[in-house]
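Below is one structure; the comments refer to it alone.
The values are calculated or read from the model by the stated rules, or taken from the named source; none is laboratory data. Fair warning: this is a prediction, and the values are worked out from it, not measured in the lab. With ideal geometry, Cβ positions are generated from the backbone for all residues, glycine too; neighbour counts draw on all protein chains shown.
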Amino acid sequence: MNNSTHQLDDFALTLPIPQLARITAQKFANQQPNAEKAEQVRLNTLAVWVVNDYLEMMDIPTNLQASDSWNPVMRLCGNVADLELPSVGRLECRPVHQHQEICFIPPETWEERVGYLVVQFDESLQEARLLGFIASVATETLPLKQLQPLEAFIDHLGELRQSPVSSLVNLSQWFTGIFEAGWQTIESLWNLPELRPVYAFRSTETLELNALNQPESITKRAKLIDLGIQILNQPVMLIVEISPEKDRQTSIHLQLHATGNQIYLPPGVHLTVLDSSGAVFLDAQSRKSDNYIQLQFRGEPTEQFSVRVAINDTSITEHFRI
């Protein structure tokens, strides 16, 4: 035990926790339903913030706003402490207390992560220590003695940049009931009180009726997209509907919806389809009183495309393979 502690001391990096980080973490914590969840969110937020500061020091690009940990719904529904690294993937930033020897890794974070950084906090929350890194996990308990130095993490990121981990959503697998993490049924999202739309035509009864009338060959999934739109702090919802065609093509129907008390999409939101070369294939833009915008097209097997949701200078892109 002493040897592992000394080893961690040798390569741990201590960083200050800015006051703004503590204020933000407290704000997120205050939104939680109980004290236990509030403390979880507080430490997760601080861990992500500290790692984000570290990566900025290393000139490694990050996208804090695109991370699930910065999404109020995902914070409430899960134990997430991820940080989006553009063109690389999601890095999990797990907090531990000062005298812990084991870090808890929630099963929901075992997939779609490019690695795990462990951040240690003392009671004062004035500074944090980046203890080390591990590339992957398959159990809920990670002994801290298994951590590798931060230098190994930087090398790992370099390798990922040279051969990026595929984050493609495989639509053909949807027909067999296999869905990537983050893609949920529309009903499961709209049944959350904080997301339930206020306008009548999207009532639960309407959803159930649509489900009854929907052919079995049609498959739908939805994902929350947080563009940092400061209208009641509500994310937008991207819905992807696919159905097979007789000529082996796949019909793809995209919709982008407002959620909760956000009756309309903000004007100027773009829903864009990009082809495999990154060129714009289709584009829709929300107007003043649009509840949703949509696009529809067809594609060949194995064809790749991307869907970009954007407003002003902020955008999030999802990548697909048919």
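Note down all Cβ pairs under 8 Å where the first residue falls in segment 38-56 and is more than 14 Å from L13 (Cα to Cα), the second is of a type in the set (V, I, T) and surrounded by 24 or more Cβ atoms within 10 Å (Cβ to Cβ), and they're at least six residues apart or on different chains.
Between residues of segment 38-56 that are more than 14 Å from L13 (Cα to Cα) and residues that are of a type in the set (V, I, T) and surrounded by 24 or more Cβ atoms within 10 Å (Cβ to Cβ), the close pairs are L46/V119.
Exactly one condition in (1) assigned to a strand (DSSP E or B); (2) at pLDDT below 65 is not met by L238; state its number.
Unmet condition: (2).
Considering only residues that are loosely packed, with under 12 Cβ neighbours inside 10 Å and modelled with pLDDT of 95 or more, which ones fall in segment 35-59?
Answer for segment 35-59, where residues must be loosely packed, with under 12 Cβ neighbours inside 10 Å and modelled with pLDDT of 95 or more: A35, E36.
Which of the residues spanning segment 259-297 are among the charged types (D, E, K, R) and either loosely packed, with under 14 Cβ neighbours inside 10 Å or at positive phi (or both)? Can you show your working first?
In the first step, residues of segment 259-297 are kept if they are among the charged types (D, E, K, R); the result is 275, 283, 287-288, 290.
The answer is R287, K288.
Say we look at segment 160-172 and pick out the residues that are over 19 Å from the mean Cα position of the chain (by Cα) and surrounded by fewer than 13 Cβ atoms within 10 Å (Cβ to Cβ); which of these is modelled with the highest pLDDT?
The selected residue is R161.
Can S136 be described as in the same structural domain as C77 (by TED's automatic domain parsing), without any contact (Cβ under 8 Å) to a residue 40 or more places away in the chain, polar (S, T, N, Q) and more than 29 Å from R221 (Cβ to Cβ)? Spell out the reasoning first.
Details: in the same structural domain as C77 (by TED's automatic domain parsing): yes; without any contact (Cβ under 8 Å) to a residue 40 or more places away in the chain: yes; polar (S, T, N, Q): yes; more than 29 Å from R221 (Cβ to Cβ): no.
No; evaluated as a whole, the condition is false for this residue.
So, R22, is that one in contact with a helix residue (DSSP H, G or I) (Cβ under 9 Å, 6 or more places away or on another chain), surrounded by 14 or more Cβ atoms within 10 Å (Cβ to Cβ) and either at pLDDT below 95 or assigned to a helix (DSSP H, G or I) (or both) or not?
Yes; evaluated as a whole, the condition is true for this residue.
For residues in segment 60-77 being in contact with a helix residue (DSSP H, G or I) (Cβ under 6 Å, 6 or more places away or on another chain) and more than 11 Å from D226 (Cα to Cα), which is modelled with the highest pLDDT?
Taking segment 60-77 first, the residues in contact with a helix residue (DSSP H, G or I) (Cβ under 6 Å, 6 or more places away or on another chain) are 62, 64, 68-70, 74-75.
Checking the rest, the ones that are also more than 11 Å from D226 (Cα to Cα) come to 62, 75.
Numbers: T62: 88, R75: 91.
Out of the qualifying residues, it is R75.
Does K220 satisfy the condition of being assigned to a strand (DSSP E or B), closer than 17 Å to I322 by Cα and either of a type in the set (K, R) or modelled with pLDDT under 80 (or both)? It would help to see each step written out before you state the result.
Working: assigned to a strand (DSSP E or B): yes; closer than 17 Å to I322 by Cα: yes; either of a type in the set (K, R) or modelled with pLDDT under 80 (or both): yes.
Taking the combined requirement at face value, the residue satisfies it.
Name the single residue that is farthest from the chain's Cα centre (by Cα) among those in segment 93-131 being outside any strand (DSSP E or B) and under 17 Å from L55 (Cα atoms). Let's see the steps before the verdict.
Going through segment 93-131, the residues outside any strand (DSSP E or B) turn out to be 98-101, 105-114, 122-126.
If we keep only those that are under 17 Å from L55 (Cα atoms) as well, we get 113-114.
Working: R113: 10, V114: 13 Å.
Among those residues, the one meeting the criterion is V114.
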